[in-house]
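The values are calculated or read from the model by the stated rules, or taken from the named source; none is laboratory data. These figures come from a predicted structure and were not determined experimentally. Every residue, glycine among them, receives a Cβ derived from its backbone with ideal geometry; neighbour counts consider all protein chains shown. All accessible areas refer to the heavy atoms of the entire protein, side chains included, with ligands and DNA or RNA removed. Shrake-Rupley method; radii C 1.70, N 1.55, O 1.52, S 1.80 Å.
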Amino acid sequence: MALTGIAIFKMLPKTNCKECGFPTCLAFAMALASGKAELAACPYVSEEAKEKLSAASAPPIRPVKIDMKDAQITTGGETVFFRHEKTFFNPTILAGTLNSDLSDADIDAKLSAFMKMQFERVGFNLRPQMFVVKDVNGDAAKFAAVVKAIVDKSDAAIVLMSDKVEVLKAGAEAAKERKPVLYAATAANADAVGGLAKEMGLPVVAKADGYDALAELTTKLTGMGLQDIILDSGARTIKQVLQDNIAIRRAPLLAQFKPFGFPTINLPCEMTDDPMKEALYASICIAKYGGIVVLKDLDPTYIFPLLLQRLNIYTDPQRPMIVTPGIYPLNNPDENSIIAITTNFALTYFIVTGEIEGSKVPTWLLIKDTEGLSVMTAWAAGKFSGDDVGMFVKKCGIADKAKTRSLIIPGYAAAISGDLEEELPDWKILIGPREAAHIPAFFKAQ
Ligand code: SF4
């Protein structure tokens, strides 16, 4: 059960030394209670208090860290059932599958495609991050060779999938420095697979059909000293996966049921042979609590929309997505090109730039900081006023890049044109269209 700020405060040193970055121990306690501070920031907490507070402040769903080549990704660690309650923290990890009987040429092609499959969006690099190596013939040497190829030729995180402990061990040895996830410990092999995970310090998937069996298995694994556990409920229909994901998320959050306090892995790759259905199932898993979602193939046609869906779900709903204010050259503008301005709300930016790029009209697009508000909202909130916009135009440096002295403002901000003309007496203010779809025709007419 989470502790209140006051309960935490009682366990702190109460010296108000400020070393944690907060003005008082009480302020630190409040920040700790709301998840905005780390206990480690206070160097003076007693060991006894540390033990109590760490347990109380641990997220109900364990964050499991998984290594990529030069980075760590985390699954789990979520604290709420719905994203509007707070936010979801650790985006679903998208994985592709490599069967252990693939030819070297096929493996190289898939790894090369994986490394290239990266998309820039709203300042984020979106990409799949994991491969599941699937043992299809029990050949430990071949399995290890595929794992080694991933280690050598990609930065992917790795899940080793086999029902043979010796095959898992060969793969784990081949990817020792990448700390692969073992798939899977079951009731039948929990001692052997759990033992291997413990010996090598690896995360492990617990797989069991039915909630009782799964809870029993995770209790056994935690009893062996394992903490980094990922849950597979064994479901292979989307209806059952959805039901299980919800039950597994609900149990630790609402009932403090510790055996389910771990992230999940879902395998749409084993639910259908139809790629479109597989992508659809993956999107359901992303929307409803899938920690790792495994697809057969990493086809950009499906991966890109899934990454966008994931981005939308895992952004903080209390913070608008923004782009950096500044001058954006579109379609190779020169000193005679037109100049337009809009706000730094990411959605506005992408729609407006999309239309301008489509118009092929060389343009200097000025992006003004409105704290991520769209045009009408920013104008209503006084963050896109004539004075403000005028000041930004003077200071942003556009006068050094372009001789043009006419500025296109969004149609929805037409009301600022008078103030803007006063603020920028040498400029001609043009009122652009209200709808982005009308931008190409308007810009071409200038
Ligand atoms: Fe209090 Fe510890 Fe912060 Fe000092 S560092 S103010 S003792 S919480």
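Some points to look at:
- Screening Asn344 on (1) open to solvent by less than 20 Å² (accessible area, probe 1.4 Å); (2) more than 24 Å from the chain's Cα centre (by Cα) shows it passes everything except condition (2).
- Residue pairs whose Cβ atoms lie under 7 Å apart, sitting 6 or more positions apart in sequence or on different chains, and linking a residue in region 404-430 that is in contact (Cβ under 8 Å) with a residue 60 or more places away in the chain to a partner that is basic (Lys, Arg), are Ser406/Lys428.
- Applying a threshold of 7 Å to beta carbon distances and a minimum spacing of six or more residues, or different chains, the list of pairs starting in region 329-351 at a residue that is free of Cβ contacts under 8 Å to residues at least 60 places away in the same chain and ending at one that is among the acidic types (Asp, Glu) and open to solvent by 20 Å² or more (accessible area, probe 1.4 Å) reads Leu330/Glu357; Asn331/Glu357; Asn344/Asp369.
- Residue ID - farthest from Ile292 (Cα to Cα), chosen from residues in region 173-185 that are touching a helix residue (DSSP H, G or I) at 6+ places or on another chain (Cβ under 7 Å) and assigned to a loop (DSSP other than H, G, I, E, B): Ala175
- Any pair with Cβ under 6 angstrom, 6 or more apart, that starts in region 45-68 at a residue that is in contact (Cβ under 8 Å) with a residue 60 or more places away in the chain and ends at one that is open to solvent by 80 Å² or more (accessible area, probe 1.4 Å) and not in a strand (DSSP E or B): Asp67/Lys179
- Where a residue in region 167-188 is over 14 Å from Ala145 (Cβ atoms) and its partner, wherever it lies, is of a type in the set (Asp, Glu) and open to solvent by less than 10 Å² (accessible area, probe 1.4 Å), with Cβ under 9 Å and at least six apart: Tyr183/Asp232; Ala184/Asp232
- Residue match in region 50-64 (condition: within 13 Å of the ligand (Cβ to nearest atom) and not small (Gly, Ala, Ser)): yes
- Residues of region 20-45 that are surrounded by 12 or more Cβ atoms within 10 Å (Cβ to Cβ), in a loop (DSSP other than H, G, I, E, B) and within 11 Å of the ligand (Cβ to nearest atom): Cys20, Phe22, Thr24, Ala37, Cys42, Tyr44, Val45.
- Ser162 vs. criteria over 24 Å from Leu307 (Cα atoms) and at pLDDT 95 or above: yes
- Residue that is most open to solvent (accessible area, probe 1.4 Å), among those in region 1-19 that are of a type in the set (Val, Ile, Thr) and outside any loop (DSSP other than H, G, I, E, B): Ile6
- From the list Cys25, Cys42, the lone residue that is touching a Pro at 6+ places or on another chain (Cβ under 7 Å) and over 30 Å from Ala157 (Cβ atoms) is Cys25.
- Selection count where residues are open to solvent by less than 20 Å² (accessible area, probe 1.4 Å) and not in a strand (DSSP E or B), scope region 96-114: 4
- Residue ID - modelled with the highest pLDDT, chosen from residues in region 60-76 that are outside any strand (DSSP E or B), in contact with a Ser or Thr (Cβ under 8 Å, 6 or more places away or on another chain) and open to solvent by 50 Å² or more (accessible area, probe 1.4 Å): Lys69
- Out of Glu270, Glu278, one residue alone is modelled with pLDDT of 95 or more, farther than 30 Å from Ala55 by Cβ and open to solvent by 20 Å² or more (accessible area, probe 1.4 Å). It is Glu270.
- Lys116 within 16 Å of the ligand (Cβ to nearest atom) and free of Cβ contacts under 8 Å to residues at least 12 places away in the same chain: no
- Residues that are closer than 18 Å to Ile327 by Cβ and open to solvent by 10 Å² or more (accessible area, probe 1.4 Å), drawn from region 360-374: Val361, Pro362, Trp364, Lys368, Asp369
- Tally of residues being touching a residue at least 24 places away in the same chain (Cβ under 8 Å) and more than 8 Å from the ligand (Cβ to nearest atom) across region 8-19: 2
- Extreme residue, farthest from Ala255 (Cα to Cα), among residues of region 77-95 that are of a type in the set (A, V, I, L, M) and buried (at least 18 other Cβ atoms within 10 Å of the Cβ): Ala95
- Among the residues of region 281-294, the ones that are surrounded by fewer than 23 Cβ atoms within 10 Å (Cβ to Cβ) and within 16 Å of Gln129 (Cβ to Cβ) come to 1 in all.
- In region 190-210, the residues that are farther than 18 Å from Gly234 by Cα, open to solvent by 40 Å² or more (accessible area, probe 1.4 Å) and either assigned to a loop (DSSP other than H, G, I, E, B) or polar (S, T, N, Q) (or both): Gly201
- Within region 268-289, the set of residues being aromatic (Phe, Trp, Tyr) and closer than 14 Å to Tyr314 by Cβ comprises Tyr289 only.
- Those strands (runs of 3 or more DSSP E) of region 278-385 in which 3 or more residues are closer than 24 Å to Tyr412 by Cβ occupy 326-330, 338-343, 363-368.
- Residues considered: Ala213, Ala174, Ala157, Ala187. Of these, the only one that is open to solvent by less than 30 Å² (accessible area, probe 1.4 Å), at pLDDT 95 or above and closer than 26 Å to Pro268 by Cβ is Ala157.
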